[in-house]
Amino acid sequence: MSRLLSYVETLPLVDHHCHGVVRRDLDRTAFEALLTEADAPANLGGTLFDSPIGFAVRRWCGPVLDLPPHATPEEYLARRADLGYADVTRRFLRGAGLTEMCVDTGYAPEPLLSPAELGEAANASAYEVVRLEQIAEEVLRTGCTAAGYADAVLQRLADTAREHQAVAVKSIAAYRVGLDLPGERPTAAEVTAAADRLLRTGRVRLAEPVLHRFLIWAGVDLGLPVQVHVGYGDRDIDLHRCNPLLLTGLLRATEPTGVPVMLLHNYPFHREAGYLAQVFPHVFVDVGLAMHNLGHRSSVLLAEALELTPFGKFLFATDAYGLPELYHLGATLFRRALSDYLRAALADDAMAEADAARLADLIGAGNARRVYRLPSP
């Protein structure tokens, strides 16, 4: 058992959903703002360092910067500033032990490292994930008619996916309209009418249920895995509308295509997501950014997520954004949580050690390489 657990501690990981990190130094306010999904961390609750993720940073990230575990926030931020963002970024991305990264480039409120730059910093292969809503909004900005909107979006999506050699597409319908989307492919007339409604508003922020459904089917038609944001996110989300069970009709409709649907993050609906992964052959899940947000409780989260999820349907993801620390935290806490899970299973004689090693390889990297058709590293 000790040999297996030592292996899990350095298990190679494919991060199947992540984002860029900032290319600037950060003061305390800016750093804490990137520790949370909230719009403004400064509030009556005090500092974000007094939260599970804050304590996790102090415990697991301090040593990467040559600090002792549990260094104070002031010591941590001072050391971070002394090293500079470039050195900090390299340390944390290299320390994460990633072999491949699938990078969503659709959210960039400020300049971030590109997939290629992330890959270089992490010493990993980096691939791009195209955000569907970004493509649809780009078409709106270029000017189009309602009747020509669908064809323009489909062409731009195909061109972008080909140009960037994308390995997946992603939907953020959860943020805009929720996940209660009918399963049927929308008709051409429905898409034109929805585009007309949107164009009449003069806005380019896509929030039309018909168009989100159209985009998901467009991604399916490309044959690339379709990532769907589920559950936990910033306060733009109405969380009660982000339960993955609302996608059941759409999952039934897309199942015959065989195109993988990747349910991202899922917390606090990770058990529901596990059920969907069990009953639909094309559904895969992760627990994403919840892993580093739960800190020392991350082992409980992973165990709950794996209650029903077939081991061949679970993937690792950090959903890291902004702070390179989130890559390191996500990877470290995931390895610890997986080690705890396998240790408990072996202690209960629930599986053989050879099976545990095989499952660790599947969850850490094998499942992602198979689903995204990544070349061998």
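Derivation of every value follows stated rules applied to the coordinates shown; laboratory data play no part. On a predicted model such as this, the values are computed, not experimentally measured, just so you know. Don't worry about glycine lacking a Cβ; one is built from the backbone with ideal geometry, like all the others, and counts go over all protein chains shown.
Taking the chain as a Gaussian network of alpha-carbon nodes connected by springs under 10 Å, the highest mean-square fluctuation of the residues L132, L35, L83 belongs to L83.
In percent, rounded to a whole number, the relative contact order of the chain is 22, using alpha-carbon pairs under 8 Å and six or more apart. Counting Cα-Cα pairs of region 119-272 in 10 Å increments starting at 0 gives whole-percent bin shares of 11, 39, 36, 12, 1. Residues of region 356-377 with an amide N closer than 17 Å to a point placed 7 Å from the Cα of F311 along the Cα-to-Cβ direction: 356-370. Put a dot 7 Å past the Cα of N123, heading toward its Cβ, do the same for H164, and the two dots end up 2.8 nm apart.
Label positions at H240 and A30, each projected 7 Å from the Cα along the C-beta direction, are separated by 3.9 nm. One equal scatterer on each Cα of the chain, no solvent, Debye formula: the resulting log10 I(q)/I(0) at q = 0.12, 0.15 Å⁻¹ is -0.91, -1.37.
Just checking the listed ones, V103, V283, V139: in the Gaussian network model of the chain with Cα springs under 10 Å, the one fluctuating most is V139. The modelled label-to-label distance between A116 and D66, using points 7 Å beyond Cα along the C-beta direction, is 3.2 nm. Length gained on full extension, Y85 to A193: 34.1 nm, using 0.36 nm per residue less the C-alpha separation.
The rule of thumb for compact globular proteins, 2.2 N^0.38 Å, goes into the C-alpha radius of gyration of region 26-83 1.08 times. Could you give the angle, 0 to 90 degrees to the nearest 10, between helix 188-201's Cα long axis and the longest principal axis of the Cα atoms of the chain? Tilt relative to the chain: about 80 degrees. Looking at the chain, the DSSP beta bridges with both ends there are about 5 percent antiparallel.
Listed by Cβ neighbour count within 10 Å, with the fewest neighbours leading, E190, E32 appear as E190, E32.
Shown here for region 183-273: trypsin sites (Lys or Arg not before Pro) in loop regions (DSSP other than H, G, I, E, B) with at most 16 other Cβ atoms within 10 Å, namely R203, R205, R235.
Residues F284, F55, ranked from the fewest to the most other C-beta atoms within 10 Å, line up as F55, F284. In terms of other Cβ atoms within 10 Å, T254, T36 run from fewest to most in the order T36, T254. Calculated mean residue ellipticity at 222 nm for the chain: -13500 deg cm²/dmol, from DSSP H runs with n ≥ 4 weighted as -39500 (n - 2.57), summed, divided by the residue count and rounded to 500. Could you check which residue among A71, A136, A273 shows the biggest mean-square fluctuation in a GNM of the chain with a 10 Å Cα cutoff? Result for the chain, Cα springs under 10 Å: A71 fluctuates most.
Entry note, region 26-83: relative contact order of 25 percent, from Cα contacts under 8 Å with a spacing of 6+ residues. Against the chain, whose longest principal axis comes from its Cα atoms, helix 270-279 is set at around 60 degrees. Using the Cβ-Cβ distance between T257 and R343 with R0 set to 45 Å, the FRET efficiency from 1/(1 + (r/R0)^6) comes to roughly 0.70.
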